[in-house]
1. Taking the condition of being surrounded by fewer than 19 Cβ atoms within 10 Å (Cβ to Cβ) and part of a strand (DSSP E or B), how many residues in the range 198-215 meet it?
2. Taking the criterion of being surrounded by 14 or more Cβ atoms within 10 Å (Cβ to Cβ), closer than 24 Å to residue 100 by Cα, at pLDDT 95 or above and under 18 Å from the mean Cα position of the chain (by Cα), would at least one residue in the range 231-241 satisfy it?
3. Which residues, counting only those in the range 164-197, are among the basic types (Lys, Arg), over 18 Å from residue 229 (Cα atoms) and loosely packed, with under 13 Cβ neighbours inside 10 Å?
4. Considering only the range 102-152, state which residues are acidic (Asp, Glu), under 20 Å from residue 91 (Cβ atoms) and in a helix (DSSP H, G or I).
5. Sort through 207, 213, 197, 189 and tell me the only one that's more than 15 Å from the chain's Cα centre (by Cα) and not assigned by TED's automatic domain parsing to the domain that holds residue 91.
6. Quick one: residue 202 ticks every box in (1) modelled with pLDDT under 90; (2) within 19 Å of the chain's Cα centre (by Cα); (3) more than 26 Å from residue 101 (Cα to Cα) bar one, so which box is it?
7. In the range 113-128, what residues are surrounded by fewer than 19 Cβ atoms within 10 Å (Cβ to Cβ) and over 14 Å from residue 281 (Cα atoms)?
Amino acid sequence: MILHFVRRAYDVMAVGVFSLLLLALTGSFCQAQAKPDASAADAKTVAEISPGATYDVATFKPHAESGMGMSTSIGSMPNGRFFAKGYTLKTLVCEAYDKLDFQCLGGPAWFGSETFDIEAKPDGALSEQLVKLSSEEREKVREQMQQALYADRIQLKVHHESRELPTFALVLAKGGSKMTEAKTFRGYSTRGGKIQSIKTDGISMESLVRLLSQKVGHKIQDQTGLKGFYVFTLNFSDDLDTTGDSSAPSIYTALQEQLGLKLVPMKAPVDVIVIDHVERPSAN
């Protein structure tokens with residue numbers, strides 16, 4: 001809320017949501033997430049600057065692969081500068097609307113296949129305001145700025161719908177939680193590859209649900225009843241097939257054996273965005 005990942009070596013955004021996007025696309029990433037530090041003052045500032053917050057300068061270019069193949073990077077600085085290299089516009093639009101890939105529907109074929117490089121930065125006055133915000137509140141402004149950017153540069157038009165989709169409920173497994181409770185939010189790191197891992201120093205179930213949703217490709221509802229912050233290491237195979245012969249268990253098995261949690265299949269209404277109109281970005 002994020003990506004990121006190597007962007008998603010993505011320390012520049014202290015937000016786990018965006019950092020997961022890069023992990024999904026590159027397969028290898030380490031991300032540290034800072035403790036959310038939102039305040040009433042931040043919220044007031046966000047309400048004041050969000051309506052007119054836009055990038056002052058922005059460039060869009062088709063991504064050119066290097067001799068080593070396609071490289072990707074993505075990040076957002078505290079001063080509002082945003083960059084993305086080697087991403088599809090579908091991925092970037094989904095992230096701007098705080099949606100996972102499966103929650104973004106429609107659009108032409110090129111929208112989800114052609115890759116672009118984007119650089120954007122606000123003017124000096126807005127940059128000064130952004131650096132004073134917490135990472136959590138700055139993220140809210142960034143999403144609105146990027147939505148405005150895509151509406152302007154690629155004529156993006158979307159609408160929201162509620163769709164009945166396959167989802168999961170995250171519940172306590174038999175025997176209860178095997179995680180260690182922490183006093184405060186301390187963040188997490190992730191590693192991709194054939195055997196993947198999530199290591200935390202203290203995160204909420206809300207953060208865990210977001211991470212797991214990226215991994216399994218479905219929306220997950222937290223029904224554990226756990227309200228604190230938790231320390232754990234989760235190691236699992238990148239193969240979602242529970243019958244695979246990997247040296248590591250599937251994510252479903254790993255959750256039960258290592259954390260005392262379980263994913264239960266279900267169907268539920270899921271908020272999605274539907275792409276009504278989009279155009280290729282014009283030459284800079």
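1. So the answer is 2.
2. No, because not a single residue in the range 231-241 is surrounded by 14 or more Cβ atoms within 10 Å (Cβ to Cβ), closer than 24 Å to residue 100 by Cα, at pLDDT 95 or above and under 18 Å from the mean Cα position of the chain (by Cα).
3. Keep residues of the range 164-197 that are among the basic types (Lys, Arg), which gives 174, 178, 183, 186, 191, 194.
Next cut, over 18 Å from residue 229 (Cα atoms) only: 174, 191, 194.
Across the range 164-197, the qualifying residues are 174, 194.
4. If the condition is that a residue be acidic (Asp, Glu), under 20 Å from residue 91 (Cβ atoms) and in a helix (DSSP H, G or I), then 139, 143, 152 are the ones that fit.
5. Details: 207 fails: more than 15 Å from the chain's Cα centre (by Cα); 213 fails: more than 15 Å from the chain's Cα centre (by Cα); 189 fails: more than 15 Å from the chain's Cα centre (by Cα).
It is 197.
6. Here residue 202 clears every test but (1).
7. The answer is 113, 121, 123, 124, 125, 127, 128.
One line per residue, one yes/no per condition, for (1) assigned by TED's automatic domain parsing to the domain that holds residue 259; (2) of a type outside the set (S, T, N, Q); (3) more than 30 Å from residue 57 (Cβ to Cβ):
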| site | (1), (2), (3) |
| --- | --- |
| 119 | no, yes, no |
| 132 | no, yes, no |
| 139 | no, yes, no |
| 144 | no, no, no |
| 171 | yes, yes, yes |
| 177 | yes, no, yes |
| 183 | yes, yes, yes |
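The values are calculated or read from the model by the stated rules, or taken from the named source; none is laboratory data. Computed from a predicted structure; not experimentally measured. Counting neighbours? That spans all protein chains shown, and the Cβs are built from the backbone with ideal geometry, glycine included.
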